Amino acid sequence: MSDSTTETTDTFALDFSTTPSPERRAAAEREEILADPGFGKHFTDHMASVEWTIDDGWHNASIHPYGPLSLDPSASVLHYAQEIFEGMKAYRHADGSIWSFRPDANARRFARSARRLALPELPESVFVESIRQLVAADQDWVPSAPETSLYLRPFMIATEAFLGVRAAHAVQYHCIASPAGAYFTSGPKPVSIWLSTQYARAARGGTGAAKTGGNYAASLLPQQEAYEHGCQQVMFLDSEKGEYLEELGGMNVVLVRSDGTLVTPDSDSILEGITRDSILQLALDRGLRVERRAVSLTEWRDGVADGTITEAFACGTAAVVTPIAELRGDGFTIGSPTTGAGELTMSLREELTDIQYGRRADPHGWMVRLTDPTSSAE
Ligand code: PLP
Ligand code: COI
């Protein structure tokens, strides 16, 4: 273990060294970006990194200037896609303080993804500390306009220079940050979804439950098909029977029954969304029923036809909660492009974002404070 590592049976800590960027953007340039950040287009001045080798474990944790990585062309991530990532946000509250939402849950999912991809698990404490330190360094990049945030993208890549097909012996963890407005430029307006019947996203026993780049690579062609049909996202069915709902390219899906019951697919080939889990908890808090089970396409179609399914929405960190107006596929449509936003959908969305932005109490202790109200990186 390196000198900066302290390890006991139940705690693990690394000291992050800090190298401030000599090229921090001027306040005026930053403010111009924050006024219209878009999604995933602009990046802050710093990034967090930690290295791992099979001999030394996790070491060399740092906050340093944002910039290109230097990789050997034989690095295994470039050939065998041994890679995982996370998506989370930092929110600015009215008093200026900055908070993250359930970072422990992202850290645990990152560890689950690591196990599936034969990557080393980054201890939860180091994952959370990397976020805390990066946000502290780049806190002026957290926008304050309504519904904006700093999107955080932790990721881990296999960097060993070796073409043999086995788990790499050298790995890098990084976290980058990007100021974010709405993922869908239309805001929380209902979206149209394209049902992919030709392509599956993930198979039973595959990597669907892990947040790994390959799943997203597999979704790009069907996503393109969705755009060609005027839809904003693609929906995947189970790969075995093509009967049961799985999820969208980058979001989970939830249906709402007329009695307020929330129904959502349970499958071991979808990503366990933290937004979905939180929304379902808020529904349970209201005394609503929640069903996590196999949900067939037929159930959705028949339910909309006979009025027992009244709303549908997509949810995820980037998209928050987005109502689904219609699901379209080859030769069939459920709903219509003019279907309005569901009442329960929008009220759950409001409750969740109120908690995230500190506008209402946080009964489950989901919010974790990252900076003080008065602190500034300048
Ligand atoms: N499903 C997929 C494929 C995703 O990419 C995401 C987004 O991260 C989700 C579901 C929702 O997960 P979360 O709510 O944790 O962001
Ligand atoms: C997220 O919501 O964090 C995602 O990862 C979805 C997409 C941007 C990949």
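The values are calculated or read from the model by the stated rules, or taken from the named source; none is laboratory data. None of the values given here were measured: they were computed from a predicted structure. All Cβ positions, glycine included, derive from the backbone under ideal geometry; neighbour counts span all protein chains shown. The area values use the complete protein model at the heavy-atom level, side chains included, leaving out ligands, DNA and RNA. Shrake-Rupley method; radii C 1.70, N 1.55, O 1.52, S 1.80 Å.
Structure summary
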read-out	value
Test: residue in the range 64-81 that is within 16 Å of ligand 2 (Cβ to nearest atom) and surrounded by fewer than 19 Cβ atoms within 10 Å (Cβ to Cβ)	yes
Subset of the range 172-190 (residues that are farther than 29 Å from LEU71 by Cβ and within 19 Å of the chain's Cα centre (by Cα))	GLY181, ALA182, PHE184, THR185, GLY187, PRO188
Candidates ALA35, ALA118, ALA90 - the one that is out of contact with any His (no Cβ under 8 Å at 6 or more places or on another chain), open to solvent by 50 Å² or more (accessible area, probe 1.4 Å) and over 30 Å from ARG166 (Cβ atoms)	ALA35
Meets criteria (open to solvent by 40 Å² or more (accessible area, probe 1.4 Å) and under 13 Å from VAL368 (Cβ atoms)) for SER125	yes
Test for LEU195: is it touching a helix residue (DSSP H, G or I) at 6+ places or on another chain (Cβ under 7 Å), under 27 Å from SER336 (Cβ atoms) and crowded, with 20+ Cβ neighbours inside 10 Å	no
Residue in the range 137-151 that is of a type in the set (D, E, K, R), in a helix (DSSP H, G or I), surrounded by fewer than 18 Cβ atoms within 10 Å (Cβ to Cβ) and within 16 Å of ligand 1 (Cβ to nearest atom) present	no
Inter-residue pairs, beta-carbon under 6 Å, first more than 17 Å from ALA158 (Cβ to Cβ) and in the range 60-79, second open to solvent by 70 Å² or more (accessible area, probe 1.4 Å), 6+ apart	ILE63/THR18; HIS64/THR19
Residue check for ILE176: assigned to a strand (DSSP E or B), open to solvent by less than 40 Å² (accessible area, probe 1.4 Å) and over 30 Å from ASN60 (Cα atoms)	no
Those strands (runs of 3 or more DSSP E) lying entirely in the range 27-136 with at least 3 residues more than 16 Å from ligand 1 (Cβ to nearest atom) and not basic (Lys, Arg)	46-53, 57-65
Hits in the range 265-287 - residues which are away from ligand 2 (no atom under 16 Å from the Cβ), more than 15 Å from MET346 (Cα to Cα) and open to solvent by less than 50 Å² (accessible area, probe 1.4 Å)	PRO265, SER267, SER269
Scan of the range 204-248 for residues that are more than 14 Å from ligand 2 (Cβ to nearest atom) and among the β-branched types (Val, Ile, Thr), ordered by number	THR207
Options ALA168, ALA203, ALA182; residue that is in contact with a helix residue (DSSP H, G or I) (Cβ under 7 Å, 6 or more places away or on another chain) and of a type outside the set (Val, Ile, Thr)	ALA168
Exclusive hit being at pLDDT 95 or above, of a type outside the set (Asp, Glu) and open to solvent by 20 Å² or more (accessible area, probe 1.4 Å), set ALA182, ALA158, ALA170	ALA170
Matching residues, the range 179-222, being of a type in the set (Ser, Thr, Tyr), closer than 30 Å to TRP141 by Cβ and assigned to a loop (DSSP other than H, G, I, E, B)	TYR183, THR185, SER186, THR212
Members of the range 229-249 that are under 19 Å from ALA319 (Cβ atoms), in contact (Cβ under 8 Å) with a residue 60 or more places away in the chain and either aliphatic (A, V, I, L, M) or not in a loop (DSSP other than H, G, I, E, B) (or both)	GLN233, MET235, LEU248
Of the criteria (1) more than 14 Å from ligand 1 (Cβ to nearest atom); (2) assigned to a strand (DSSP E or B), which one VAL321 fails	(1)
Residue match in the range 248-256 (condition: of a type in the set (S, T, N, Q) and surrounded by fewer than 20 Cβ atoms within 10 Å (Cβ to Cβ))	no
Test set (1) within 12 Å of ligand 1 (Cβ to nearest atom); (2) buried (at least 16 other Cβ atoms within 10 Å of the Cβ) - TYR216 fails condition number	(2)
